[in-house]
1. Test of the criteria: in chain A, which trypsin sites (Lys or Arg not before Pro) are in a DSSP loop and have at most 15 other Cβ atoms within 10 angstrom of their Cβ?
2. Measure nothing but the geometry: give the 0 to 90° angle between the long axis through the Cα atoms of A:32-43 and the longest principal axis through the Cα atoms of chain A, rounded to 10°.
3. Place +1 on the Cβ of every Lys and Arg and -1 on the Cβ of every Asp and Glu in region A:8-81, take the dipole about the Cα centre, and give the residue among A:28, A:53, A:71 whose Cα lies farthest towards its positive end.
4. Tell me, what does the Kirkwood hydrodynamic radius of region A:8-81 come to in angstroms if you use every pair of distinct C-alpha atoms?
5. What is the mean number of Cβ atoms from other protein chains located within 10 Å of the Cβ atom of each residue in peptide A:31-37, rounded to a whole number?
6. Take every residue in peptide B:307-317, count the Cβ atoms of other chains within 10 Å of its Cβ, and give the average of those counts.
7. Sort out for me the Cα centre separation of region B:277-313 from region B:180-248, rounded to whole Å.
8. If we count every other residue with Cβ under 15 angstrom of residue B:115's Cβ, Lys/Arg +1 and Asp/Glu -1, where does the sum land?
Amino acid sequence: MTNTDWPLWEVFVRSRRGLSHTHAGSLHAPDAEFALRNARDLYTRRGEGVSIWVVPSSAITASSPDEKDPFFEPAADKPYRHPTFYEIPEGVKHL
Amino acid sequence: MATAAAHQTYGTEDVDDTAAYERAFDAAVAADERIEPRDWMPDAYRATLVRQMAQHAHSEIIGMQPEANWITRAPSLRRKAILMAKVQDEAGHGLYLYSAAETLGTGREELLDKLHSGRQKYSSIFNYPTLTWADVGAIGWLVDGAAITNQVPLCRCSYGPYARAMVRICKEESFHQRQGYELLLALSRGTPEQHAMAQDAVDRWWWPSLMMFGPPDDESAHSAQSMTWKIKRHSNDELRQRFVDICVPQAESLGLTLPDPDLRWNEERGHHDFGPIDWAEFKEVLRGNGPCNEQRLTQRRRAHEEGAWVREAAAAYAAKHSGRTGETGAARA
């Protein structure tokens, strides 16, 4: 018997116009076209989407959870990037 | 301590690292944060989740059979369309759960192999036959009702992918339960024969539904550890009691009785007392000696084998066209 292990795909669904695609889950399919059709049957049976992306799971590069502290550290010590860092006198409007 | 076993599997030079990982894991669970697939986790936590999610997925897949049995004989086009949608949902639920289980590094083929060879279980409830049309209603009301009672707390399970799958499943189960209730209500208010058929179905499904919550707390092998890990949030007996309390007034509205002479309100406890469950029957069914164990697995294996040519053809087609690029440019956020 031939190897019929279908590759894994990640499914992203746009729930309605104006919103981004959001990760819905994953599925197995032999190719992109089947992945789209399967995704429709699996993740939008109740009108949950107006658009679907499917991406081979193997094509995703992810940050490593082990490095999460050092990796995101540059953002941690820059509170001046937030508007709440600044003191503005009371009564100043539209700022 | 939950993590003692994990320590022993590491060489001495790694002990410090492992201990640090474990503290981070324990702290995340204690803080009600979610564990995600690539996080460090104790081996036993991973194994418990794979076992539970696989069993859950298998139950959804095997659970298609007893109801599919009635699709061709549904009494109206409306009921037929509803039943097909429900059975399709069960397939979907199985697939959500297989996907969640796969995030822990166990492949789909392996999970299916273990189901087909009997090395992983599915819920015993599906080893009972659906003898009449009313059974479709009783399954929706009682079996799906018990499943919902079990599953709503799983939406807060500590493992992220499992919790997310459960949120989706619980939303969809609500339709399953309501269509079952409506179906039984129509029968209960119908002719005397239809009413009797509804009562008979409830008589047969009530006790197996109570068994769905698993053995009593003092005999439940995995409960304590699963509670510590926040995979499980409530004990078997607690959930069973909750289910009984929910069902009693619903049965009254249906005009049907629950087959338990000991069932009565206990003012002091604020709950319904109910009679003893026949755990000998539960164990027999679990052991493979239920009315339909053999039939369910045989059917599942046959469906898998008979679908092999479709999987092979699709894989061959994909291989043939893999040189070509598909439509691109769609993925612009």
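1. A:16, A:17, A:45, A:46, A:93
2. On a 0 to 90 degree scale, this one is about 70.
3. A:53
4. That comes to 14.3 Å for region A:8-81.
5. What the average comes to for A:31-37 is 4.
6. Mean partner shielding for this stretch: 4.
7. 22
8. Local net charge: +1.
Laboratory data are not the source of any read-out in this text; all were calculated from the coordinates shown. From a predicted model like this one, the values you see are computed outputs, not experimental measurements. When we count neighbours, we look across all protein chains shown, and the Cβ atoms used for this are built from the backbone with ideal geometry, even at glycine.
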